[in-house]
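The values are calculated or read from the model by the stated rules, or taken from the named source; none is laboratory data. None of the values given here were measured: they were computed from a predicted structure. Positions of Cβ are backbone-derived with ideal geometry, glycine not excepted, and every protein chain shown enters the neighbour counts.
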């Protein structure tokens, strides 16, 4: 601590220690806030299977499922001061043709829709144009956290992704379910996904499955011209 | 004249402080930075605002740097009193490393 440079080094060195410890406390503070995500409605509204190509020059034609759905969920308890953004996604799942004998691939799972919900503290990171960005920022003016963003109410949503299967066959598949997933991305700390067991104040994600449904038969030729 | 100016500039850059000042700086750095970290965490937690916590932490740390890095006068209140150059002869019974100095 004799000269200015030594004092600068020592002070900065201790600052890094303090910053690390504070970050650890912030990460641990997540455990104190209860997480009680709940799902009201998750159901399909319109399901189609059409034939199409994976890309324009492909000779292979595959069957694509277009699953429209409605969703009502309250994920507001996942928004705390340490939440940077919430990734919400819906998958369709169905058993493999080989049944449980197909090992790791006994269940097919494909994402049909996803969304990133930013916390007000991370709004500036959202991938939006200037006008949408302004609107997003204004929606949380003066608020450091905005749990109301976790209340999802989506009616007859078109899927973002049409799904297929490596075999190219998907029509008339039975026992398909939709599953809602979340992924909390904190500013500091660990990523957390859906929970299957209660962990102290963090409760299991329940009712995040839709009823089982069957994919319909292939649509006739004249109906897929628009694609 | 130029030499004097250079000496002054070097003193300012090196920013030497006395032993008591060094002791004080050590305590100040540890206490103040810990305090800043604690304030940042608790204010952030109770207002549920992580940006505020970051700003408190960074601004507080900058303030601590301003407090401890420059050689402020209060770190130099106990200057070491050196013996005058060639002023007095060493005492006759001065012993260093078991050797008698004459």
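Quick look at the numbers
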quantity	calculated
Subset of the stretch A:28-63 (residues that are over 27 Å from residue A:173 (Cβ atoms) and part of a strand (DSSP E or B))	A:35, A:38
Residue satisfying all of: in the stretch B:37-51; surrounded by 14 or more Cβ atoms within 10 Å (Cβ to Cβ) and more than 7 Å from every other protein chain (Cβ to nearest Cβ); farthest from residue B:71 (Cα to Cα) among these	B:43
Checklist (1) farther than 30 Å from residue A:27 by Cα; (2) more than 10 Å from every other protein chain (Cβ to nearest Cβ); (3) under 20 Å from the mean Cα position of the chain (by Cα) applied to residue B:96, failing item	(3)
Extreme residue, nearest to residue B:80 (Cα to Cα), among residues of the stretch B:1-16 that are at the interface with chain A (Cβ under 7 Å from one of its Cβ atoms) and not in a helix (DSSP H, G or I)	B:16
Condition met for residue B:55 (at pLDDT 90 or above, farther than 23 Å from residue A:5 by Cβ, more than 7 Å from chain A (Cβ to nearest Cβ) and surrounded by 12 or more Cβ atoms within 10 Å (Cβ to Cβ))	yes
Any hit, the stretch A:67-80, residues being in contact with a strand residue (DSSP E or B) (Cβ under 9 Å, 6 or more places away or on another chain), within 16 Å of residue A:188 (Cβ to Cβ) and at the interface with chain B (Cβ under 9 Å from one of its Cβ atoms)	yes
Matching option when the condition is outside the structural domain of residue A:150 (by TED's automatic domain parsing) and in contact (Cβ under 8 Å) with a residue 60 or more places away in the chain, among A:27, A:19, A:73	A:27
Residue in the stretch A:43-51 that is surrounded by fewer than 15 Cβ atoms within 10 Å (Cβ to Cβ), closer than 19 Å to residue A:207 by Cα, away from chain B (no Cβ under 13 Å) and in contact with a strand residue (DSSP E or B) (Cβ under 7 Å, 6 or more places away or on another chain) present	yes
Single unsatisfied condition, residue A:2 versus (1) buried (at least 18 other Cβ atoms within 10 Å of the Cβ); (2) modelled with pLDDT under 95	(1)
Qualifying residue in the stretch B:24-34 (condition: more than 16 Å from the chain's Cα centre (by Cα) and either facing chain A (nearest Cβ under 9 Å) or under 30 Å from residue A:30 (Cβ atoms) (or both))	yes
Criterion: on the phi > 0 side of the Ramachandran plot and touching a helix residue (DSSP H, G or I) at 6+ places or on another chain (Cβ under 9 Å) - qualifying residue of B:21, B:37, B:15	B:15
Condition met for residue A:88 (under 22 Å from residue A:211 (Cβ atoms) and in a strand (DSSP E or B))	yes
Qualifying residue in the stretch A:28-38 (condition: over 22 Å from residue A:109 (Cβ atoms), within 10 Å of another protein chain (Cβ to nearest Cβ) and loosely packed, with under 15 Cβ neighbours inside 10 Å)	yes
